[in-house]
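To start, the structure under review is shown below, and the notes come after it.
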Amino acid sequence: MHYISTRGDTSRFTAAEAICLGQAPDGGLLVPESIPHLDAAELEKLRESGYSDRVALILEKYLTDFSSDELHEACRAAYDSGSFDGEPAPLRRINPYGRRSWLLELWHGPTAAFKDMALQLLPQLMVRAARKLGLGRELCILAATSGDTGKAALEGFRDVPGTSCIVFYPAEGVSPAQELQMRTTPGETVAVVAVEGSFDDAQRGVKELFANQELAAELAARGRMLSSANSINWGRLVAQIAYYWSSYAELLQRGEITPDEAVNFVVPTGNFGNILAAWYAREMGLPVGRLVLASNRNKVLSDFLGSGVYDRRREFHTTIAPSMDILVSSNLERLLFELTGRDAGRVAGWMQSLAEEGVYEVGPGVLERLQRLFVGGHADDAAIARTIRDVYDETDLVIDPHTAVGFNVYERYLRRSQDEAPVVFVSTASPFKFAEDVMNALTTSRPQAPQRGGRERPEEGRSGRLRRDERRRGDERGEGRRASAGRRGQTAARRVVSGFRDADGAMIADQKESETQTRSRRGGRRRSGRQRTAEQGETAPPRPKKSVEKSAAKTEAVGDGARGGSSRRRGRGRRRSGGSRRSSDSERRSEGQTMALAMSSGERLELEMRGDEMHVVYDSLQDAGNAPVSSEARRTEEFFADQRGETLPGAVYEVDESIDPDTIELPETDLDRMLAEYAALAREKKPDLAPIEALADESGMAVPFGLDRLELRGRRPYIRIRPDEMERVVRALLLEGKSEEELSTEPPQEEAGELEPWITSL
């Protein structure tokens, strides 16, 4: 098997050369001359193998200048040597009552992100490739990262003989845990550099360094050569093909699917590498139905799938899913090369247009082929936060923001398509890497933390009952929507809706569903049991009510500082605490009664009683922007929510902003206690680690071993530069022999004040 460039270079490269080069000499990406196929006998062998042997079997199809023994040895060193916490890529059924959806967890490696699946293997392949080629040179790995690749590369290459590694990351574009992971990596052969700009700036700078022939000659004279750890390196991508095959083999092994039954894969992606690996698996013969591409607010890929126009000339957003904050998706070039019949001229023209003008258009033929294979969608920060909470409420799974994007996009695709195929959600990172944002999502009533680096915060969440299907009815009735005007009225309405009590005085649970509603359920259940029995003409049994005694016991336990258990139950108690009054049986509203809520801002909700729950008939707040909820506003909302039992149905609530919340006597809530505990924890520990441990306490989960020792390793010197200074840093570290301490822009003591960037003194 040889490799060729996507931009027309006529050279052919062996697999070992492709891995060491990382990128084609003409600036294109290297792809295999042909895509191999897996037959039935090889698939049967996959079923019977463990994960490391499965990867080796896939690699044998592509890396033909490596022996089978070499590949099995490399894979076992990567996956079976203690770097992973148990099974490297466990496949978990999402819903114990459904057999149609699974979660492929790819974050059990040392950095708690899916990049470990390739970057634990790449150093093993690279060292063997260099030996095979007789290079006799040190491989200098350059990597640009949007958060996860950097730490995975540092962890994979640190202190590996014959290698060094420099990672560039956007200074304000990664989560605190991601930055701390990179800056606490031990090792004498690695370095970390913050770039003032976006991931695209860092990635563009790395590509320019690879194309710099003068730099390459100087490094060669010193016995060194540059290589890549990003997914532009085929050695990265080929390792990712394996876990799609492995998940399918696992489903067959368990008897969850029948042979040749197609499976949908839902993949959150920014640089297009992860989902491109799924496409290669499909071309090899993996039965894939649809590939669902999930983007965050930087939706350049989902827009491209809809229009065929790739346009990076847009506002860049820093989101709570930072590993997808990308506007130039490098690996898309490989797919376009294949879909155009390997027309290198067209691909080179598009890439030139993208570099010079920031845009290109592929035309209707290529677009049609794209849309037959891929489904695209995106979710903003508010939708991501709601999805994290909804998935936890429905499945008890805590997911990270990137994985949540996939769930959000697929739910909308499922409603639209009614696609009944089995589905595997690719979970790309541990929620603990994004603990602050995940905690904000799971405990939606807590005050929002200050913004960092322009990061948007999730909007105040709505209860599980306020589904899009109900909200959409307002539009179908021709009722217009207005933007929100009035922070306090906006949040008050939402809190009133989420606080109705049942006949026993207990708060009505969020997870109840309307008997007439036919929304899609995750976990393979298309309709609730009550809906199915109603459609069959049967009478559905009554749904058991939440026990007041159990709820009270759980509340008391949490108040006493209990740890562990289900944060879903604990979180609900916190969200619903708010007032001492109880509604009596005589005060309950009856079926079919309606109620209107008019806020002082002019916004209003119209609600209808259905069984034990209120449903939104018209919601003029649904497009409201993000608004932090102050303690004063929250207390005011809870006060009015508590008053509803004394007001007749159909009455209008009006939020009086002149009310002094200090005159409202409310007992201390579980939420207040939780926030106090969180504040105490933050004071006791360094703030970088406090959210991670707080989430572990809240969810009852153990902190992944990749994050549990962050503060014990010390920190690397902080180097912060502009994008146009990347070459100088590389020269200083690799040619001039400077240390990170010499290049640091971090003052030795706080009172020393700010220092001028090191680069100005060179």
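The values are calculated or read from the model by the stated rules, or taken from the named source; none is laboratory data. Quick caveat: nothing in here was measured; it's all calculated off a predicted structure. Backbone-built Cβ (ideal geometry, glycine too); neighbour counts: all protein chains shown.
Only a single criterion out of (1) crowded, with 24+ Cβ neighbours inside 10 Å; (2) in a strand (DSSP E or B) is not satisfied by Ser164, namely (1).
Checking Gly289, Gly223, Gly285, Gly270 one by one, the residue that is in contact (Cβ under 8 Å) with a residue 60 or more places away in the chain, crowded, with 24+ Cβ neighbours inside 10 Å and in the same structural domain as Ala144 (by TED's automatic domain parsing) is Gly270 and no other. Reported count of residues in segment 355-379, each being touching a helix residue (DSSP H, G or I) at 6+ places or on another chain (Cβ under 9 Å), in a helix (DSSP H, G or I) and within 30 Å of Asn408 (Cβ to Cβ), is 6.
Scanning segment 73-111 for residues that are out of contact with any strand residue (DSSP E or B) (no Cβ under 6 Å at 6 or more places or on another chain), buried (at least 20 other Cβ atoms within 10 Å of the Cβ) and farther than 28 Å from Arg128 by Cβ yields a single hit, Arg100.
Of the numbered criteria (1) in contact (Cβ under 8 Å) with a residue 40 or more places away in the chain; (2) on the phi < 0 side of the Ramachandran plot; (3) touching a strand residue (DSSP E or B) at 6+ places or on another chain (Cβ under 8 Å), the one Glu33 fails is (1).
Matching residues to (1) over 26 Å from Lys115 (Cβ atoms); (2) surrounded by 12 or more Cβ atoms within 10 Å (Cβ to Cβ); (3) touching a strand residue (DSSP E or B) at 6+ places or on another chain (Cβ under 8 Å); (4) at pLDDT 80 or above:
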{"site": "Pro667", "(1), (2), (3), (4)": "yes, no, no, no"}
{"site": "Asp670", "(1), (2), (3), (4)": "yes, yes, no, no"}
{"site": "Ala690", "(1), (2), (3), (4)": "no, yes, no, yes"}
{"site": "Met701", "(1), (2), (3), (4)": "no, yes, no, yes"}
{"site": "Gly706", "(1), (2), (3), (4)": "no, yes, no, no"}
{"site": "Arg715", "(1), (2), (3), (4)": "no, yes, no, yes"}
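Just so you know, in segment 1-56 the residues that are out of contact with any Lys or Arg (no Cβ under 8 Å at 6 or more places or on another chain), part of a loop (DSSP other than H, G, I, E, B) and β-branched (Val, Ile, Thr) include one that is farthest from Ala78 (Cα to Cα), and it is Thr10.
To keep it simple, each residue is scored yes or no on (1) assigned to a strand (DSSP E or B); (2) more than 23 Å from the chain's Cα centre (by Cα); (3) at pLDDT below 95.
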site: Leu237; (1), (2), (3): no, no, no
site: Ala242; (1), (2), (3): no, no, no
site: Glu250; (1), (2), (3): no, yes, no
site: Pro259; (1), (2), (3): no, yes, yes
site: Val267; (1), (2), (3): yes, no, no
site: Asn271; (1), (2), (3): no, no, yes
site: Trp279; (1), (2), (3): no, no, no
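Residue count for segment 61-72 satisfying the condition of being out of contact with any Leu (no Cβ under 6 Å at 6 or more places or on another chain), assigned to a helix (DSSP H, G or I) and surrounded by 17 or more Cβ atoms within 10 Å (Cβ to Cβ): 4. Of the candidates Phe157, Phe114, the single residue that is buried (at least 24 other Cβ atoms within 10 Å of the Cβ), modelled with pLDDT under 95 and aromatic (Phe, Trp, Tyr) is Phe157. Quick one: which of Ile257, Ile326 is more than 23 Å from His108 (Cα to Cα), touching a residue at least 40 places away in the same chain (Cβ under 8 Å) and crowded, with 24+ Cβ neighbours inside 10 Å? From the options Ile257, Ile326, the qualifying one is Ile326. In summary, Leu335 fulfils each of the numbered conditions (1) under 17 Å from Ser302 (Cβ atoms); (2) surrounded by fewer than 17 Cβ atoms within 10 Å (Cβ to Cβ); (3) modelled with pLDDT of 95 or more with the single exception of condition (2).
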